[in-house]
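The values are calculated or read from the model by the stated rules, or taken from the named source; none is laboratory data. Note that the coordinates shown come from a computational prediction; the quantities given were computed from them, not determined experimentally. In this analysis, Cβ positions are derived from the backbone assuming ideal geometry, glycine residues included, and neighbour counts consider all displayed protein chains.
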Amino acid sequence: MSISIGALVLVAVGGQDDQIKVLQEMVHELREEVSELKNEKSDLWITSQRADEIQSLVQNILSDADSRYALQGNSSMAGYDGGAYVSSADGNWKLKINGQIQVRWLYNNAEGQTSQHGFDQRRTKIKFSGHVLDPTWTFKVSTTWGRAGGSNTEDAWIAKQFDDGSWFKFGQFGSKFLREQIVSSGAQLAVERSMVNTAFSYLWTQGVELGWSNDDIRLTAQYTDGPGQSNTAALTNPTDAWNIRAEFRFGDSSWKDFNALTSKSGAKEGLLLGVAYENYSRNTGTFEYGNANGNKSSGLTVDASLRGDGWNMFAYMVEATAKDAGVKQDSSGWLVQGGYLISNNVELFAQYQSGQIDNATFAQGSNDMSAIRFGFNYWPNAGNNSVKWTTDIAWSQHSLPDGGGSGISSADWVTTGNGWRQDLAGEDSQMLLRTQLQVLF
């Protein structure tokens, strides 16, 4: 056979286009040789067995050439692993798509007011995340559609991971202050986060984050535009804000295990302790945070998460001091909750929360807040959080205020997001029933 050694070398080391071209030439040559050999009458040149071998070789080369041509320009991989994804064959580029839908029905009964009930499209989100260049350059963009229409950006950041366990993040992200807010809305124990969280959470903000983590300790520091400062233009409300958080892990539970506040069958036992401090000041104007409307604020929170096989417990306290023009307002709150699996699919839970706005008076409502809640979680597919049905019922023990009071106090316990509303003067009994179906994909 007359196929050259040079052609074989080109097939081995050449580029994809060169390989296909050479293979096609080889196939053409082999076909000519087979035709010539078939015309030869002498058994010296060819036998039936030899002809079959050549025909088989031709078919193999044709098949290989067709496969290379079909794969030309297609070096991507796709599938589902915690989200739908597409990535390059070498793993250096990856895009993952996730989503969240929370459909809710609420019933609120407040003394002296007309009962309210109705449906709520609480959260509708699409999230894009992944990495570029290599797995150490990560990104996330998430958009949520509001209940009243329109869309809003939550996460929009770029991060760099380093070999020593540290990272750098730049953009818009969630504040690392309250642990209840840090845990995803899709992994909460109750239908919605607490009134304490409503008053003291920074929510999403813009800035820079530095972090470091090993098997047992995680540290983060953020310098940002302050609480609730997402999707804002630079220089509009100059604010200097920073917060630091430290977490310490004990036991067999992994960091990932603590990403949820619900129970899991077969979970390993572990304890997570956290402490965080925040401070912000605004050059001009005031901002409502921590049940006060001031231009300066500082706050402290301490939390503990304990979990094991089919059960969990979570508790935290937070306090903040706000100032404006020499006037000071202190406010605080705490929460304790726990859940227990009565089967692989059903979890019962209870929660108690309390708060106080020191020395403040309100035309409607008191300066104290407290509420007790009971409920259950149901997962159609045990151990899979993609579909979850949650129902809870709660009663408040104190009259709930909303908005400005004496001094710079500004109560922020109630919101349409958590379903509570302001009580009338002299009334202190309110009941809230919520049920929600959630899908994560």
Check residue 104 against each of (1) at negative phi; (2) modelled with pLDDT of 95 or more; (3) within 18 Å of the chain's Cα centre (by Cα) and name the one condition it does not meet. (3)
Mind telling me which of the residues 211, 266, 186 ends up being assigned to a strand (DSSP E or B) and either within 17 Å of residue 317 (Cα to Cα) or out of contact with any Cys (no Cβ under 8 Å at 6 or more places or on another chain) (or both)? 211
Filter result for the condition that a residue is modelled with pLDDT under 95 and not in a loop (DSSP other than H, G, I, E, B), over 288, 247: 288
Find all pairs meeting these conditions: Cβ atoms under 7 angstrom apart; at least six residues apart or on different chains; first residue within region 409-427 and farther than 26 Å from residue 120 by Cα; second residue hydrophobic (A, V, I, L, M, F, W, C) and in a loop (DSSP other than H, G, I, E, B). 409/360; 425/363
Mind checking which pairs have a first residue in region 237-265 that is within 22 Å of residue 337 (Cβ to Cβ) and a second that is modelled with pLDDT of 95 or more and part of a helix (DSSP H, G or I), Cβ under 7 Å, 6 or more apart or different chains? 259/187; 260/187; 261/187; 262/187
Give the number of residues within region 398-429 that are within 15 Å of residue 194 (Cβ to Cβ) and either surrounded by 15 or more Cβ atoms within 10 Å (Cβ to Cβ) or not polar (S, T, N, Q) (or both). 10
Could you check residue 201 against (1) out of contact with any helix residue (DSSP H, G or I) (no Cβ under 6 Å at 6 or more places or on another chain); (2) touching a residue at least 12 places away in the same chain (Cβ under 8 Å); (3) not acidic (Asp, Glu) and say which number it fails? (1)
Suppose we keep only residues that are surrounded by fewer than 16 Cβ atoms within 10 Å (Cβ to Cβ) and among the hydroxyl-bearing types (Ser, Thr, Tyr) within region 114-133. Which one would you say is farthest from the chain's Cα centre (by Cα)? 114
Give me the strands (runs of 3 or more DSSP E) completely within region 100-170, filtered to those with at least 3 residues that are over 26 Å from residue 415 (Cβ atoms) and touching a helix residue (DSSP H, G or I) at 6+ places or on another chain (Cβ under 9 Å), ordered by residue number. none
